[in-house]
Amino acid sequence: MDSSIATQNDETSKKFHTEQTLVDVEDIISKLHESTLGHILCFLPTIEAVRTCVLSRSSLVQLVLQMRCTLSVPIFASLPNLQNLSISGIKLVSESSTYSEDTILSFPVLKVFEARGCEWSTMQDISIQAPLLETFSIAIWNSQSNESCKSSIKIFGPHLTDFSYEGDLEQDIILLNPSSIRSASVVIVIDEDKKNRMEKLGFQAHMLLKQIHEVERLNLLCYKVIMHAKDIFTHLPAFGRLSHLQLNEATGEALLKLLHNSPNLNTLVLLNGVCDLNKDILTSASVPHCFMSSLKVFQFKGFNVHDHELCLVKFVMTNAAILERITISTAFWLRYSDIDLEKVKEQILSFPKCSSVALIEFSDVKGS
């Protein structure tokens, strides 16, 4: 064979291999337009499409998964460019056959994490590492299962400012850097079939609230809790920075406890009044520190004109020294009752006021 031809063949072969190598290395798929990628994924079974998204490169910035499916999670997973993650209805299963170590989910630039109605009970302890995380929201119910959940979810987020939890306290949520949180919402919903857990509920609530005791705004909502676990607020942490508190279900004793533990409270919002408030407790109770130094706004929604509710309003008006505004919104059913709301209004206005500038506002009185 002619040497020139052999040389040409060698050069052609090298060029071919070089071009093939470039093709192998270059990530052509990631360069496709999102509409094209979506069109390709629509031909895959749902679960395969989900796995493809999760395994996508350093280019995935936002991931939203809202479907009923099972997703296998490796012992360590990292999505380096993901900034927003929202998952719903997914059953998470660990690829690991042992429960000896945490499953680690690494999100170096993640800012928002939202998970709702996902099943985590089949996982061992989960560690979410997100150094830039700002918002963490999770709604998790394990009471649908007959087995108690032993695993926990740990969140490493030194810049976390907004925290939201909704669930039955069956699964531990561990905040490794809670001091940065400024706004928190805790919604506790208890299945009445789980009455055997009620004695532990107070401790579990305390452990969760203790982690967020430095928040400035707290939305604390309880459903089907007070009637079965009245001691849930027995052991409360001190909320030294709390300025805004919203409650939907609380006993009079629990409310007083919260007020005494919130010395800098500025705004108190009761969404559904109070229950089991002994008038003698208010008579003998010491005045919370916030009444003398910081409480300016009191919103009483769902006002049912019960005697103990009137006593509470009187207690606030009589002792809140710098109060600026009280807003009382009557319960909807009172529109159709024979209670004379105008007389109730006059009665409230006759209560002595510690603050001379306090403005008393009424809504839903005769439809106004």
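I'd like the full set of residues that are surrounded by 15 or more Cβ atoms within 10 Å (Cβ to Cβ) and either β-branched (V, I, T) or assigned to a loop (DSSP other than H, G, I, E, B) (or both), limited to the range 325-350. Before the answer, list the steps.
Pass one, the range 325-350, residues surrounded by 15 or more Cβ atoms within 10 Å (Cβ to Cβ): 325-331, 334, 341, 344-345, 348.
Across the range 325-350, the qualifying residues are I326, T327, I328, T330, A331, V344, I348.
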Item to complete: Sort out which residues of the range 306-346 are closer than 18 Å to S284 by Cα and of a type in the set (S, T, Y), and write them in order of number.
Response: T318
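Out of all the residues in the range 336-360, which are among the basic types (K, R) and either under 30 Å from P263 (Cβ atoms) or under 34 Å from the mean Cα position of the chain (by Cα) (or both)? Walk me through how you get there before you give the answer.
Initially, the range 336-360 is screened for residues among the basic types (K, R), giving 343, 345, 353.
Matches in the range 336-360: K353 only.
So which residues in the range 222-238 are more than 14 Å from C275 (Cβ to Cβ) and modelled with pLDDT under 90, if there are any at all? So that I can check it myself, show each step before the final result.
Let us first name the residues in the range 222-238 that are more than 14 Å from C275 (Cβ to Cβ), namely 231, 234-238.
Correct list: D231, T234, H235, L236, P237.
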Worksheet, complete the sentence: Within the range 65-82, residues modelled with pLDDT of 90 or more and within 15 Å of S137 (Cβ to Cβ) come out as none
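Going by the conditions given, is I128 within 23 Å of N219 (Cβ to Cβ) and either open to solvent by 10 Å² or more (accessible area, probe 1.4 Å) or modelled with pLDDT of 85 or more (or both)? Please lay out each step first, then the result.
Details: within 23 Å of N219 (Cβ to Cβ): yes; either open to solvent by 10 Å² or more (accessible area, probe 1.4 Å) or modelled with pLDDT of 85 or more (or both): yes.
Yes: the conditions hold for I128.
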Discussion item. Tell me the residue from L270, L310, L282, L258 that is touching a Cys at 6+ places or on another chain (Cβ under 7 Å) and surrounded by 14 or more Cβ atoms within 10 Å (Cβ to Cβ), please.
Written reply: L282
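What about E199, is it within 22 Å of W120 (Cα to Cα) and modelled with pLDDT under 90? Don't jump to the end; show me each part of the working.
Details: within 22 Å of W120 (Cα to Cα): no; modelled with pLDDT under 90: yes.
Judged against the criteria, E199 is not a match.
The values are calculated or read from the model by the stated rules, or taken from the named source; none is laboratory data. Computed from a prediction, not measured in an experiment: that's the story for all the values here. With ideal geometry, Cβ positions are generated from the backbone for all residues, glycine too; neighbour counts draw on all protein chains shown. We work out accessible area using only protein heavy atoms, side chains counted, and drop any ligands, DNA or RNA first. Shrake-Rupley method; radii C 1.70, N 1.55, O 1.52, S 1.80 Å.
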